[in-house]
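Any read-out appearing in this document is the output of simple, stated calculations on the displayed coordinates, not a laboratory observation. Note that the coordinates shown come from a computational prediction; the quantities given were computed from them, not determined experimentally. Note that each Cβ is placed from the backbone with ideal geometry, even for glycine, and that neighbours are counted across all protein chains shown.
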Amino acid sequence: MIPIASIIPFSQVTSAYGTGSAASSTGSTGSVDFGSLVGHAAQTALQSLRQAEQTTAAGVAGKTDVQSVVEALSNAEVTMQSVVAVRDKVLGAYNDIMHMSV
């Protein structure tokens, strides 16, 4: 069992994400723009899928071992499942907003 004191504080986790490429669009308050976070996540997902496609093509050509191909495909599958889950949540939120009475 992990003692509570050894868990990383949430502020350290969020500050770690603020130092990435999405931090270039920060405002004067230091907060990260939501659009840039979503854009960065989409770019990362596309990059992961492209890398899996390249690794698979190299595997078919016999230039890469089977383990690398399986790892790349597994990574692509997890990425795709995450993208679909986020899409479903966004569409659900949109439908909830559209069904609200004004």
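Counting Lys +1, Arg +1, Asp -1, Glu -1, what net charge surrounds G59 among other residues with beta carbon under 12 Å of its beta carbon? Display every interim value, and only then the final one.
Numbers: positive: K63; negative: E53, D65, E71.
That works out to -2.
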For this session: Output ³J(HN,Hα) for the stretch 33-45: one whole-Hz value per residue in order, computed from phi by the Karplus curve 6.51 cos²θ - 1.76 cosθ + 1.60 with θ = phi - 60°, and x for Gly and Pro.
Result: 5, 4, x, 6, 5, 5, x, 5, 5, 5, 5, 5, 5
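So if R0 is 41 Å, what FRET efficiency would A93 and S68 give, r being the distance between their Cβ atoms, rounded to the nearest 0.05? Display every interim value, and only then the final one.
Details: r = 38 Å, r/R0 = 0.92.
Once the sixth-power term is evaluated, E becomes 0.60.
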Exercise. What percentages, rounded to whole numbers, describe P(r) for the stretch 32-102 computed over all alpha carbon pairs with 10 Å bin width beginning at zero?
Worked result: 19, 34, 24, 15, 6, 2, 0
